[in-house]
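Participant: Please read through the structure below; I'll follow up with questions.
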Amino acid sequence: MSEMNSAVEAAAPHRYTAAMAADIEARWQDFWDAEGTYEAPNPSGDLAGDPAVVARPTKFIMDMFPYPSGAGLHVGHPLGYIATDVFARHQRMTGHNVLHTLGFDAFGLPAEQYAVQTGTHPRVSTEANIENMKVQLRRLGLGHDKRRSFATIDPDYYKWTQWIFLQIFNSWYDDEARKARPVAELIAQFESGERSVPGSTRAWSELSATERAEVLGEYRLAYASDAPVNWCPGLGTVLANEEVTADGRSERGNFPVFKAKLRQWNMRITAYADRLLDDLDALDWPEAIKLQQRNWIGRSEGARVDFAVGDDAITVFTTRQDTLFGATYMVLAPEHELVEKIVPAVWPEGTHDVWTGGHATPAEAVDAYRKQAASKSDVERQAEAKDKTGVFTGAYAINPVSGDRVPVFIADYVLMGYGTGAIMAVPAHDSRDFAFARAFELPMRCVVEPSDGRGTDPSTWDDAFDSYDAKIVNSSNEGISLDGLGVVEAKARITDWLVARGVGEGTVNFRLRDWLFSRQRYWGEPFPIVYDEDGIAHALPESMLPLELPEVEDYSPRTFDPDDADTQPETPLSRNEDWVNVTLDLGDGPKKYRRETNTMPNWAGSCWYELRYLDPHNDSALVDPAIERYWMGPRDGQPHGGVDLYVGGAEHAVLHLLYARFWSKVLYDLGHVSSAEPFHKLYNQGMIQAFVYRDARGIAVPAAEVEERDGAFWYQGEKVSRVLGKMGKSLKNAVTPDEICAEYGADTLRLYEMAMGPLDVSRPWDTRAVVGQYRLLQRLWRNVVDESTGEATVVDTEPDEDTLRALHKAIDGVSQDMAAMRFNTAIAKVTELNNYLTKTGAPVSRSVAERLVLLVAPLAPHIAEELWRRLGHTESVVHQDFPVADPAYVVDETVTCVVQIKGKVKARLEVSPSIRDADLEALALADEGVVAALGGGGIRKVIVRAPKLVNIVPA
Ligand code: ANZ
């Protein structure tokens with residue numbers, strides 16, 4: 001400590017310093033923990049509590065829970081946690097029972113990869129990371145109900161993740177009822193004959209166990225299938241499409257990804273496509289996120305059309321059935337199952353050289369092309385590149401409306417996973433088809449009249465003409481004509497025609513795919529599934545849950561040469577033979593089974609965690625229905641129920657939020673919850689950015705050691721460049737909350753993060769600016785506490801008029817800002833009031849000081865708690881009522897309004913210049929003088945000219 005500092009300390013031993021803050025903060029954190037200050041009572045069960053609190057309106061305020069990484073938190077991470085905490089505190093002080101807590105999303109690849117590198121068991125490193133993060137979070141003074149926290153890796157938690165998986169496995173989607181129902185009810189329908197076995201004339205009783213299992217697999221909402229998957233030999237696992245980058249590599253690790261066929265678990269989320277779309281409307285989410293979900297679900301209205309090929313038919317999906325006369329060739333996805341069937345032994349007469357790819361036979365050409373296509377990701381295949389590739393199958397199909405023979409190609413711009421995996425190509429009106437037709441010298445036929453004067457001969461065009469706003473031409477034969485119709489009418493007419501002939505129908509297609517739900521990993525939830533000797537999957541009974549992850553010696557997935565596409569995944573669990581091979585009694589006596597050795601993807605644990613916060617220790621249900629209804633059930637303005645506020649980053653726009661919505665809907669359909677949506681209001685916080693400094697080679701240098709001189713930046717004598725980027729260890733610019741807490745205290749950090757700007761906007765971190773909020777707290781302290789004695793300095797005299805105005809204006813503004821999550825402007829208003837009190841120099845009235853402290857309490861809870869105590873209160877500030885503004889003092893200035901009765905002045909009112917007519921009328925009629933003058937007689941008319949005049953005409 002410098003001499004000057006110690007002199008100040010001696011004169012003012014009770015000054016608000018970092019050391020004082022550290023002491024105050026630690027003390028109150030201990031107090032809150034000991035008192036259970038943030039515990040929110042449930043209406044029943046083990047967390048039941050004070051009925052008076054239970055009777056209040058509820059607010060369930062939630063953060064996207066963190067992944068406990070080994071790097072710990074930097075100051076960017078808690079932005080959202082602080083914001084929800086401030087909001088939750090304000091809600092608590094305005095009469096709500098507030099549920100606010102935080103758990104950990106702790107399965108997943110990073111822990112496993114760290115384990116592979118270091119040999120530490122993922123549980124050991126993950127639990128250590130959680131402990132470390134808990135310490136960091138506790139230091140911030142977050143008002144969490146700690147009884148409700150858990151990690152997704154806790155067996156008590158994943159028992160229920162497994163249980164939900166089984167609910168989904170044991171359900172099917174009834175399209176008529178538009179909801180999930182138990183598979184048992186489906187079996188009953190098959191048994192009674194009410195429903196016939198699809199694709200078979202046999203009765204249910206005639207099917208073998210394996211056949212029955214196969215039929216049911218077509219219905220189950222969780223099902224295993226041989227699916228083309230993204231196989232990443234370098235990671236030794238299969239990845240979801242979303243985990244693959246645009247250039248066909250793994251997002252994590254940047255390894256090549258190949259298409260391979262594997263037996264995988266899937267979730268039939270596509271059954272819910274329309275409900276996932278429809279229910280978005282009633283959610284209070286940012287429009288941008290809703291739009292991303294809508295695009296992801298991707299609803300397209302169009303038609304299916306059959307093109308005959310010999311005795312088979314190729315069914316295409318098109319959104320432009322009106323252009324059917326213009327379909328001059330067809331394309332199948334290379335993986336399409338009809339390809340083998342239609343390929344002839346030799347090239348047909350007249351096959352164009354460019355169509356064969358130089359191969360001697362169609363089979364050879366198709367084979368070679370399929371290999372080439374398998375090495376590309378869907379994203380690469382969809383790229384708008386003009387150089388389209390493909391090869392002729394040697395087969396021709398018949399265009400059902402024109403009767404033309406059209407050649408059938410395979411090409412990778414048609415994806416197996418969309419529509420039917422086959423298209424009718426209309427090169428004159430689709431750019432991709434146009435480019436392909438040009439490359440392969442295929443005919444084009446204009447069937448939509450160009451409105452831009454280019455004429456109807458496509459051979460003279462540079463690109464397709466695609467427009468909805470034009471007339472159909474060249475589209476007639478004996479049976480039907482579309483000529484002269486607009487696109488919409490033409491679509492309707494051709495669809496009717498297709499239906500009448502039995503060669504097509506109108507249909508809705510979704511871009512959404514079923515969700516690939518298995519991973520060849522160790523560090524995830526084991527599937528509660530075993531296979532019998534016939535390979536039929538059986539659900540474990542609830543009594544065998546949780547199925548715990550076995551301890552294994554070698555938990556790393558077997559990885560392969562990253563470039564070797566011909567490898568197959570080998571799961572870590574499959575190597576533990578003792579665990580895999582079991583004898584179980586599943587109700588029909590002890591039998592031998594093999595366990596499923598995949599694990600669930602790490603999205604699983606975050607699909608339902610909001611529900612477990614409600615009733616975290618329940619061991620007979622995932623959540624008690626009454627408790628779920630209490631916190632999350634449908635209510636005014638929230639028709640589907642859900643969490644009142646969910647805050648997190650916009651990067652979770654689709655996957656997590658869509659998967660969680662899907663699980664909610666299944667649980668809702670099956671009657672386990674009353675909320676059909678998990679999150680009613682969603683809010684995306686911005687990012688805290690930081691400067692990144694790079695040397696001449698482009699390598700990031702430690703930001704803390706960079707000096708600024710003459711407008712340039714220097715590191716170890718070398719000039720470096722500066723740009724704004726992400727904050728993180730790899731960019732060497734991370735600042736930890738621990739550092740800031742040590743230097744100024746948690747309250748200062750909280751204030752700084754909230755004051756940086758509007759919450760939903762990204763903002764650059766600036767350590768040098770943090771001190772501004774520290775000074776605010778020091779001035780606040782000084783307005784209430786005598787720095788030499790530590791006693792409260794307040795006086796019991798009433799504040800003057802000007803002070804009351806400043807106070808109530810602040811209360812009014814802060815209240816509105818808090819409710820609307822405008823914490824930056826709330827802080828500005830607190831600062832203004834505090835500065836006003838500092839400037840007057842007079843001792844602060846107790847009533848003003850107390851309300852100031854209450855205003856500050858949600859933002860800087862420790863100092864508020866301390867000041868509240870020094871003001872003589874014995875109860876925590878956390879549950880005090882938030883101050884309410886007196887409107888009389890809120891108005892800036894007043895104007896005098898004259899109230900006349902029959903032209904005579906009966907009263908003068910001091911009102912706000914912005915008062916509305918209706919309010920002014922009410923004020924005038926309530927005035928004592930006016931009431932007396934009217935003497936109980938009726939009123940014929942009131943003429944209001946706000947803010948200056950009210951003229952009353954008595955009856
Ligand atoms: C003929 C046609 C003519 C088409 C025309 C478009 C324009 P959205 O809107 O995204 O649903 N398509 C269908 N299945 C496909 C697949 N598996 N891979 C690649 N493309 C596929 O797109 C539907 C349109 O995309 C369909 O309508 C089909 O091309 C193509 F002037 O059929 B259309």
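The values are calculated or read from the model by the stated rules, or taken from the named source; none is laboratory data. What you see is a predicted model; the values in this text were computed from it and never measured. Ideal geometry is used to build each Cβ from the backbone, glycine not excepted, and the neighbour counts take in all protein chains shown.
Participant: Since Val366 meets every condition but one in (1) outside any loop (DSSP other than H, G, I, E, B); (2) within 16 Å of the ligand (Cβ to nearest atom); (3) of a type in the set (Val, Ile, Thr), which condition does it not meet?
Facilitator: Every condition holds for Val366 apart from (2).
Participant: Being touching a residue at least 40 places away in the same chain (Cβ under 8 Å), buried (at least 16 other Cβ atoms within 10 Å of the Cβ) and out of contact with any Gly (no Cβ under 6 Å at 6 or more places or on another chain) is the filter here, so list the residues in the stretch 691-725 that pass it.
Facilitator: Answer for the stretch 691-725, where residues must be touching a residue at least 40 places away in the same chain (Cβ under 8 Å), buried (at least 16 other Cβ atoms within 10 Å of the Cβ) and out of contact with any Gly (no Cβ under 6 Å at 6 or more places or on another chain): Phe691, Tyr693.
Participant: I need the strands (runs of 3 or more DSSP E) fully contained in the stretch 648-714, keeping only those with at least 2 residues that are closer than 30 Å to Tyr272 by Cα.
Facilitator: 682-684
Participant: For residues that are away from the ligand (no atom under 14 Å from the Cβ) and at positive phi, scanning just the stretch 251-307, find the one that is modelled with the lowest pLDDT.
Facilitator: It comes out as Gly253.
Participant: Against the definition (surrounded by 16 or more Cβ atoms within 10 Å (Cβ to Cβ) and either at pLDDT 95 or above or assigned to a loop (DSSP other than H, G, I, E, B) (or both)), how does Lys386 come out, yes or no?
Facilitator: no
Participant: Would a scan of the stretch 399-408 turn up a residue that is part of a strand (DSSP E or B), hydrophobic (A, V, I, L, M, F, W, C) and touching a residue at least 60 places away in the same chain (Cβ under 8 Å)?
Facilitator: Looking for residues that are part of a strand (DSSP E or B), hydrophobic (A, V, I, L, M, F, W, C) and touching a residue at least 60 places away in the same chain (Cβ under 8 Å), one finds at least one in the stretch 399-408, hence yes.
Participant: When you scan the stretch 410-425, do you find a residue that is within 14 Å of the ligand (Cβ to nearest atom), under 20 Å from Ala333 (Cα atoms), modelled with pLDDT under 95 and among the aromatic types (Phe, Trp, Tyr), even just one?
Facilitator: yes
Participant: Here's something else I'd like to know. Of everything in the stretch 634-685 that's modelled with pLDDT of 95 or more and among the β-branched types (Val, Ile, Thr), which residue is nearest to the chain's Cα centre (by Cα)?
Facilitator: Val647
Participant: If we only count strands (runs of 3 or more DSSP E) wholly inside the stretch 447-540, which ones have 2 or more residues that are within 16 Å of the ligand (Cβ to nearest atom)?
Facilitator: 504-510
Participant: Here is a further query. Whether any residue in the stretch 562-574 is touching a Ser or Thr at 6+ places or on another chain (Cβ under 6 Å), surrounded by 21 or more Cβ atoms within 10 Å (Cβ to Cβ) and not basic (Lys, Arg) is what I want to check.
Facilitator: Scanning the stretch 562-574, I find at least one residue that is touching a Ser or Thr at 6+ places or on another chain (Cβ under 6 Å), surrounded by 21 or more Cβ atoms within 10 Å (Cβ to Cβ) and not basic (Lys, Arg), so the answer is yes.
Participant: Looking at Gly757, Gly772, which is the one that is small (Gly, Ala, Ser), assigned to a helix (DSSP H, G or I) and surrounded by fewer than 22 Cβ atoms within 10 Å (Cβ to Cβ)?
Facilitator: Gly772
Participant: Another question, if that's okay. Taking strands (runs of 3 or more DSSP E) that do not extend beyond the stretch 80-196, which have at least 1 residues that are under 27 Å from the mean Cα position of the chain (by Cα), of a type in the set (A, V, I, L, M, F, W, C) and under 30 Å from Val853 (Cα atoms)?
Facilitator: The qualifying strands (runs of 3 or more DSSP E) are 97-99.
Participant: If you don't mind, there's one more thing I want to ask. Applying the selection to the stretch 37-54, what residues are under 15 Å from His879 (Cα atoms) and either in contact (Cβ under 8 Å) with a residue 40 or more places away in the chain or part of a strand (DSSP E or B) (or both)?
Facilitator: Thr37, Tyr38, Glu39, Ala40, Pro41, Val53, Val54
Participant: Considering only residues of the stretch 428-446 that are small (Gly, Ala, Ser) and either more than 11 Å from the ligand (Cβ to nearest atom) or exposed (fewer than 15 other Cβ atoms within 10 Å of the Cβ) (or both), which is farthest from Phe392 (Cα to Cα)?
Facilitator: So the residue we want is Ser431.
Participant: Give me the strands (runs of 3 or more DSSP E) completely within the stretch 245-349, filtered to those with at least 2 residues that are among the basic types (Lys, Arg), ordered by residue number.
Facilitator: 258-267, 299-309
Participant: Just for the stretch 623-644: of the residues that are of a type in the set (A, V, I, L, M, F, W, C) and crowded, with 23+ Cβ neighbours inside 10 Å, which one is farthest from Leu682 (Cα to Cα)?
Facilitator: Top of the filtered list is Val623.
Participant: Here is a further query. If I ask for residues that are surrounded by fewer than 21 Cβ atoms within 10 Å (Cβ to Cβ) and hydrophobic (A, V, I, L, M, F, W, C), which ones from the stretch 661-675 would you list?
Facilitator: Within the stretch 661-675, just Leu670 meets the criteria.
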